[in-house]
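Throughout, read-outs are computed from the coordinates displayed, never taken from laboratory work. From a predicted model like this one, the values you see are computed outputs, not experimental measurements. Because the Cβ atoms are built from the backbone with ideal geometry, glycine has one as well, and the counts that use them run over all protein chains shown.
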Amino acid sequence: MKVLGIDIGTTSVCAVILHGATGEVLETVSINNDAAIAGGKSWEALQDAEKIWQRAEQLIDKLVGRHPDIGAIGLTGQMHGIVYIDANGQSVSPLFTWQDGRGDKLVPSVKLKEIISVQTELLQDDLNRQSGQLTYAALLSLLSGYKLATGFGAVTHFYNIHNNLVPENAVKICTIHDYIGMRLTKRKSPLMHISDAASLGLFQHGIFDGEALRKCQIDPDIFPEVASDFAVIGRKDDIPVIVAIGDNQASFIGSVRDMSSSIVINIGTSGQISMLADDLVDDFSAMELRPLLALHDAGQELVISVGAALCGGKAYALLEKLFRSVIDMSGTTHQQGFDQDTSLFPVMNKLAEEALEKYTDDSDKLVVSTRFRGTRQDPHIRGSISGIGMHNFDAQHMIIGVLEGMVDELYEFYSPDTSHKHLVGSGNALRRNPVLQKIAAKRFGLPLLIPMHTEEAAYGAALAALTGAGFCDSLEQAQSLIRYQGG
């Protein structure tokens, strides 16, 4: 028996065929997600939901045709973003992705006074302390009492409400992978897993907070029904389709054999650190609590604590872009055999490897903050380089500084815990860079394990499908199939 896992990512759509008994990946297919829509505003990040559905449908049909013994389909994808759905289960808007920046726009003073006027005097005092300048994300956080940032579905919807951008025939919002599940099973209304529901915001203890939503002048009915386990949402050609889960949780599920003793760092386009948590993270922590799964027999909910670095592997890509611009500026591009398609990453990685052996004195290193896109808490923070001296202002020190900065940004979320025995690494930026792996293992002081499979989120969706369809008795049993490189 086989299961199919699908990951609807920001830049690609990936699928894995998993052997249900051994955990072996029998086939992996990845196609470009070329559904981006050029918005009229620089801060918009939109994708064509129907084009994504067509790409996903073609991929799924092709794989089901090649593997007729598929026993279940699992789904995951980019969290936080939303699509508006009509009463027939059809999209009536583009996908507003997690990268959309409308939540960081300042609320016009006239509109701000109008919104605030229906609130308490205490809220007005809070506003006065912030000099009357609030973004839509900050205002919704203030009104609701929840920590929110731009890109969260509730923030995007809040902005759209107050700027007359909600489609007239919209009855529900959901994630793009929820929408793919709806179209696969011909559902007219989305069923959203708790892992995705929390990413929209104003969600707690398994439900969207209706009281908080109404307080913010948001109709709670536009938010979907929520599932706390890996429920079957319907069938495609008699194959059960499992409720879609958030890609961060799917990547965590698909990376760790033992959830309680492992930390996961994922460095791809962005970066995350994830670990199993209790419900004790305070309101001032930079970590986010994200639901993973409800354990009905135990009467509890599994939660992961997540720290997000918005830049992640993009920081290394920016450095490569800088080096490329220097080569172009020198006018020697073609003489040296470089062209626009030549990647400098192999050269950078070689220089980094040499630097690890050459530079043993930390006192002369460059200290690089890779917060080039800000943070969830403060989008206006920018990166920096410090410690520049006469002998370290060169390419090798810059490369090592950026790699260490990428790891340090994740490590700052972490409080060392003796229960953690392993650091599990995922994401292409980490997988493809042995130096980055060594830096991460040294910084965390733990052995680094790399899963043998490369598409952790799609693999995690497949394990959820194994569990939800009843082929495994528990998620832990499904995760026992995970194998790591070198053993």
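Quick notes on this one:
- Protection-proxy order for peptides 308-320, 470-482, each taking the mean of Cβ atoms within 10 Å per residue, highest first: 308-320, 470-482
- About the centre of its Cα atoms, the chain shows a dipole size close to 740 debye [charges on the beta carbon of Lys, Arg (+1) and Asp, Glu (-1) only; nearest 20 debye].
- Over the chain, DSSP H runs of length four or greater, each weighted -39,500 (n - 2.57), average out per residue to a 222 nm ellipticity of -10000 deg cm²/dmol.
- Sorted on the mean count of surrounding Cβ atoms within 10 Å across their residues, most packed first, peptides 158-167, 80-89 read 80-89, 158-167.
- Net charge, Gly468 excluded, C-beta distance under 13 Å - Lys, Arg +1, Asp, Glu -1: -1
- Selection from Met398, Pro379, Ser330, by position along the positive dipole direction of the stretch 314-449 (Cβ): Pro379
- Aspartates and glutamates whose Cα lies under 13 Å from that of Lys421, excluding same-chain neighbours fewer than 8 positions away: Asp258
- For the stretch 76-106 and the stretch 167-224, distance of Cα centres in Å: 11 Å
- The antiparallel fraction among DSSP beta bridges confined to the chain stands at about 75%.
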